[in-house]
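Report on the following structure.
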């Protein structure tokens with residue numbers, strides 16, 4: 001939990017997904033991953049390690065935060081175990097290892113979750129910008145990470161506004177979220193490019209459509225698209241994939257269209 005900024009209000013739904021992606025949650029016959037995570041979180045609250053900031057109408061925890069001292073302890077422990085590389089805008093050049101490209105090859109191969117979220121690009125050094133201003137080669141490098149299960153790209157810039165996948169990439173990726181990027185064209189010619197994908201979430205105003213073959217992926221359970229006044233073609237493509245899969249006898253794929261809400 002030290003990965004979140006100081007005084008940050010942590011959504012429980014996001015926290016649970018991160019715990020699952022990192023393998024902290026184990027499958028149980030008697031309870032779901034979410035139920036198990038809620039029990040863990042309740043235990044942390046009872047120990048006063050986590051503070052509840054909001055609750056749902058059901059009484060369950062909606063969001064939480066950690067005390068500054070607890071957060072500092074989490075960061076220290078994570079650094080000792082090389083589990084987390086944490087850097088603020090103020091000290092990013094001091095904290096980040098050099099050269100960063102060598103670190104990509106050495107330690108990033110073990111990466112399971114890449115959450116590029118709300119990055120203030122102009123305050124990062126050039127070598128870190130390469131992680132977020134993504135060329136075709138950058139995406140291929142990310143796709144080659146053998147243990148990557150969750151990929152979230154928010155406010156990232158795709159070179160030429162295009163992303164073209166190739167065979168053998170994102171072999172273990174289960175969760176893909178693309179939000180507020182400049183991506184206009186996504187080219188995937190075979191469903192085997194994402195052999196493990198289960199959930200696809202898109203909040204993209206410029207992306208024209210989802211590749212049809214994505215719907216042919218047997219592991220895919222959910223496509224969620226946030227609808228805006230500018231992305232009708234993207235919404236239509238998601239609905240079309242749903243109809244095609246239904247015609248093929250696949251009633252398991254869910255397609256959800258969310259209402260546009262911009263809070264940040």
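The values are calculated or read from the model by the stated rules, or taken from the named source; none is laboratory data. Quantities reported herein were computed from a predicted structural model and do not represent experimental measurements. Cβ: placed from backbone, ideal geometry, glycine included. Neighbour counts: every protein chain shown.
Would you point out the residue of the range 6-32, among those that are part of a helix (DSSP H, G or I) and either within 20 Å of residue 196 (Cβ to Cβ) or not assigned by TED's automatic domain parsing to the domain that holds residue 74 (or both), that is modelled with the lowest pLDDT? So the residue we want is 21. Scanning the range 133-154 for residues that are surrounded by 15 or more Cβ atoms within 10 Å (Cβ to Cβ), part of a loop (DSSP other than H, G, I, E, B) and at pLDDT below 80 yields one hit, 145. Every condition in (1) loosely packed, with under 14 Cβ neighbours inside 10 Å; (2) modelled with pLDDT of 90 or more is met by residue 238 except one, and the failing one is (1).
Counting the residues of the range 165-197 that are more than 26 Å from residue 19 (Cα to Cα) and under 19 Å from the mean Cα position of the chain (by Cα) gives 4. Among the residues examined, residue 36 does not qualify as modelled with pLDDT under 90, part of a loop (DSSP other than H, G, I, E, B) and within 23 Å of the chain's Cα centre (by Cα).
When 181, 165 are checked against the criterion of being crowded, with 18+ Cβ neighbours inside 10 Å, in contact with a helix residue (DSSP H, G or I) (Cβ under 6 Å, 6 or more places away or on another chain), outside the structural domain of residue 4 (by TED's automatic domain parsing) and at pLDDT 85 or above, a single residue qualifies: 165.
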